Amino acid sequence: MVKLENVTKNFDEKKIIKGIDLEIYEGEFLTLLGPSGCGKTTVLRTISGLEAVTTGKVYLDGIDVTNLAPQKRDVNTIFQNFALFNTMSVQKNIEFGLKMKKISPEEIKKRTDDILKMIQMQDYRDAKPNQLSGGQQQRVALARGLVNKPKVLLLDEPLSSLDLKLRKRMEIELKEIQKKTEITFIYVTHDQDEALSMSDRIAIINNGVIEQIGSPKEIYNYPKTLFVADFIGESNKFKANVQSFKKGSALIKIPDLDITLSIPDDNYKMDESLIAILRPEQISIASSTKQTNTFKVKYKEHIYNGNYTKILGKLNKNVISFITYDDIELSKNTEIKLKYDPNDFIIVRSK
Amino acid sequence: MKKKIFKNIFIILVFIFLYLPIIALIAFSFNDSKLNIVFEGFTFEWYKTLFTNTTLLESLRNTLIVAITSTVISTIIGTLAAVGLTKYNFKGKNLINSLLYIPVVIPEIVLGISLLSIYTLMKLDLGLGTLILSHIAFSIPYVIISVRTVISSMNWQIEEAAHDLGASDFLTFRKVILPEIVPGIISGATLAFTLSLDDVIISYFTTGPGSNTLPLQIYSMIKTGITPDVNALTTLIILFVMIILFTSTIIQVRKIKKGYRV
Amino acid sequence: MNKTLKFILLAPVIIYALILILFPILYILVLSFQTSDNYGGIIYAFTIYNYIRIFDPIYLKVFLVSGIFGFFVTLACLIIAYPFSIFVSEKKPHIQKLLITLVLIPFLTNSLIRTYGWIVLLRKEGIINTLLSNLSIIDNPLSFMYNNLGIFIGLTYTLLPFMILPIYNSVSKIDKKVIEAAQDLGAKPLSIFFKIIVPSTYSGIFNGCIMTFIPAIGMFFIVDLLGGGKIMLIGNLIKNQFLVSRNWPFGSALAIFLIVVTLVLVKVYKKLGGKMDDLGGF
């Protein structure tokens, strides 16, 4: 549905996007996720046409739209702070795009009525946007885009100005609306929870390039780079290095845990330094009799979190965090024996 | 408590100072004495003779023609300029921006004599035309400042939103940006209109024979002898200004109060 | 970007700024270096004589008198406007709005008409003298006008709103919490006033002073009407050079001098952190 071919974008010599290739399929919910300033909003704006690319091509439904004005692209954007027209009523806001397309009045009325019903705002059609609550404004902004039945709907951090509770509810609503309308959604956010809960696929962007693209599960369970592992979820990191090679696999040693692992070779070099990662939930307290795949940490502090407790302990210079569902009370520097499963290790290059 | 009384008295005294000459004029407009000196009794006579004083009425007409024409033109140019100067960058933009402050800061007399000089250089006949041109000259910067204040608090994303929804640059300007800045345009136009009505100094230099505005007419009358119907006319003007200002203030005060409820 | 729209938005203001602002100012700059032929004509020959002539004692005296008048009028306006603005800003928001409108009303009726109102009040047979003699406080009428006092009253009166508006704007922007914090930290009212309130209104004060001082030395008609032609400020001098003696080059030199003074004051204002858009006072 949307294809970016080696797209770059410079602002005054500063490279914001450094060559992005991306294909987005029809009807999918794709999220561009990354820290602020990584270029994710710029990627979105090259698709809407609000930003011209420096080099590269943008295809929409197979057609090259690289040099097409935003008015002529069959995509619509939901802006971060909604950008509603406060001088017009809710209904006028929603009709705006249809009128610009010179659609017949009967069709405009039908579509507007339908969408107002879908977002449950029939009673507010004559209200001005600045008289509405944040959630209502959000819905109107969404309706104003959706009513045009665009091929792609672009959403630029649309939930960032809402409070936590409303944000959670809107996440569900957004996903439902996307399923119902079957419109391709491209969603920009810096919030990993939003990305994980709504997306079909996530593209992690850092420093103007895509670090990894895949389903939320793939991204969380099999991060390919240290950045992705760090950005999505919490990571306990252990230094490792390549010891030897054997029939397509590499033997690596993790000194802190005193263990040697065999992993598939990924063109590693001899002595290359790697990072082995365990998620906090993959570490737990071991019984005193267990001998293998264990290590000891000194208890530092714990963070009570409702149904579970996160415990921070120290292993040499590393802080290790793990989760327990039991009620435990420990004094500082008590030794705790922890266990893990070597199959859980995620191995990434250290750079 | 004592402090509060002192403060209120101070405020009242300032207002007495501000209104004293106006009240004097209003009172004398009902004075039954031709000499305009001592108050002798109540009369409406001067309001009647006012409507037969053709010189005075003609100068009032000139004032209104100049004020309305210059307000309309300077509001249009000023509004376009405020949007253009915020939206676009171009060579010499800084020069234009600094030039715009000149009519605001330099003494009016300097603007007056410099306009007079170029009109003479260009051999323009001094009259209503040059008056209107001069009033446009000092009004435009005030309109730009008024509109720009509103623009600077505007969310420019709505412009992109309109483009995104398929509106051309022209339609975006007309349907989205213009309605958004209407409050600034209104206050700019009001300002231009009142500045034009109030102007003495620049008009003094740039008018020609036979096109006196009301202030200039009164200026020459004060020197040669003023008739009481001038008091009647000024009373009517003051009333007119008060009504306009009060309605606009009441609307604004209501808005402020509404703002508290929401 | 749409070139036609850019042209429509910008062409009028560029033409305006060049023809009605830049050109006139440049032209009087040129004029100020020419010579008058004594019959109102201009002899186009470069000279700096007009600028030397400014330092003739006769004219230096006009500058001195203008400066003194400007100073005292500005000071009087400041002394009235500052407490007034503070007291008004302590009222409820809609009362504040109302009071400021009440300040604006006389300001928006013609200044010449109001000056005429003062004549009605101040002249020998005027309201104030009549009142005082009817109350047997005075035997002979006092002279309030056709002297320095008349000019002083007239200028202070006319320019007071120009001082009130910028000062009120900056006073009303002071965060009340900062004052409460100072009280909380044990500051006395007087030190709150001088250490917190006054410093945070410096640009408003200077704004008001510029908007009072500069017009004060240029408002020739108030000086004419209430001073009775005995006293001359720079405004009257320039007016006379243009309309009476018809020595435009010298009048232009005086105007250029006023522009320079103004620009220096504006520079200081900007140094103090003032914004140009606030200078209009509106």
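Here are the numbers for this structure:
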quantity	calculated
Filter pass, C:LEU254 being among the hydrophobic types (A, V, I, L, M, F, W, C) and over 15 Å from the mean Cα position of the chain (by Cα)	yes
Residue tally, condition of a type in the set (Ser, Thr, Tyr), closer than 21 Å to A:ILE277 by Cα and buried (at least 17 other Cβ atoms within 10 Å of the Cβ), over segment A:190-226	1
Unique residue being under 22 Å from B:VAL72 (Cα atoms), at pLDDT below 85 and facing chain C (nearest Cβ under 8 Å) when the list is B:LEU197, B:LEU245, B:LEU214	B:LEU245
Residue check, A:THR334 over 26 Å from A:PHE231 (Cβ atoms) and out of contact with any Pro (no Cβ under 6 Å at 6 or more places or on another chain)	yes
Set A:THR309, A:THR292, A:THR260: member being modelled with pLDDT under 90 and in contact with a His (Cβ under 7 Å, 6 or more places away or on another chain)	A:THR309
Filter result (modelled with pLDDT of 90 or more and either under 21 Å from B:GLU160 (Cα atoms) or surrounded by 15 or more Cβ atoms within 10 Å (Cβ to Cβ) (or both)) within segment A:108-120	A:ILE108, A:ARG111, A:THR112, A:ILE115, A:LEU116
Count of residues meeting criterion [at the interface with chain A (Cβ under 7 Å from one of its Cβ atoms) and under 30 Å from C:ILE105 (Cα atoms)] in segment B:157-194	2
Helices (runs of 4 or more DSSP H) (entirely within segment C:68-181) containing at least 1 residues that are charged (D, E, K, R)	C:93-108, C:111-122
Pair list, Cβ under 8 Å, 6 or more apart: segment C:29-46 residue exposed (fewer than 11 other Cβ atoms within 10 Å of the Cβ), other residue basic (Lys, Arg)	C:TYR39/C:ARG246
Flag if C:MET232 is over 24 Å from C:LEU112 (Cα atoms) and within 17 Å of the chain's Cα centre (by Cα)	no
Filtered residues of segment B:89-114 (kept if surrounded by 24 or more Cβ atoms within 10 Å (Cβ to Cβ) and either more than 9 Å from every other protein chain (Cβ to nearest Cβ) or under 21 Å from B:ASN62 (Cβ atoms) (or both))	B:LEU111, B:GLY112
Check on A:LYS179, of a type in the set (D, E, K, R), farther than 27 Å from B:VAL176 by Cβ and away from chain B (no Cβ under 14 Å)	yes
Subset tally (residues that are of a type in the set (S, T, N, Q), in contact with a Ser or Thr (Cβ under 6 Å, 6 or more places away or on another chain) and free of Cβ contacts under 8 Å to residues at least 40 places away in the same chain) for segment B:167-222	0
Single residue of segment A:61-77 satisfying the filter (away from chain B (no Cβ under 14 Å) and of a type outside the set (Val, Ile, Thr)) that is surrounded by the fewest Cβ atoms within 10 Å (Cβ to Cβ)	A:GLY62
Options B:SER152, B:SER187: the member that is buried (at least 18 other Cβ atoms within 10 Å of the Cβ) and out of contact with any Gly (no Cβ under 8 Å at 6 or more places or on another chain)	B:SER187
Any hit, segment A:274-295, residues being farther than 24 Å from A:ILE232 by Cβ, surrounded by 13 or more Cβ atoms within 10 Å (Cβ to Cβ) and within 32 Å of the chain's Cα centre (by Cα)	yes
Any chance B:SER146 is in contact with a Pro (Cβ under 6 Å, 6 or more places away or on another chain), within 8 Å of chain C (Cβ to nearest Cβ) and either crowded, with 18+ Cβ neighbours inside 10 Å or among the basic types (Lys, Arg) (or both)	no
Meets criteria (facing chain C (nearest Cβ under 7 Å), modelled with pLDDT under 90, touching a Pro at 6+ places or on another chain (Cβ under 8 Å) and over 30 Å from C:TYR16 (Cα atoms)) for B:ILE37	no
Counted residues, segment A:146-175 - those being in a helix (DSSP H, G or I) and either within 14 Å of chain B (Cβ to nearest Cβ) or under 18 Å from the mean Cα position of the chain (by Cα) (or both)	11
Unique residue being in contact with a helix residue (DSSP H, G or I) (Cβ under 9 Å, 6 or more places away or on another chain), within 30 Å of C:LYS271 (Cα to Cα) and free of Cβ contacts under 8 Å to residues at least 40 places away in the same chain when the list is C:PRO189, C:PRO215	C:PRO189
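Table: residues versus (1) in a helix (DSSP H, G or I); (2) within 11 Å of chain B (Cβ to nearest Cβ).
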| position | (1), (2) |
| --- | --- |
| C:THR4 | yes, yes |
| C:PHE7 | yes, yes |
| C:ALA11 | yes, yes |
| C:ALA17 | yes, yes |
| C:LEU22 | yes, yes |
| C:LEU26 | yes, yes |
| C:VAL30 | yes, yes |
| C:PHE46 | no, no |
| C:ASN50 | yes, no |
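The values are calculated or read from the model by the stated rules, or taken from the named source; none is laboratory data. Note that the coordinates shown come from a computational prediction; the quantities given were computed from them, not determined experimentally. Virtual Cβ from ideal backbone geometry, glycine too; neighbours counted across all protein chains shown.
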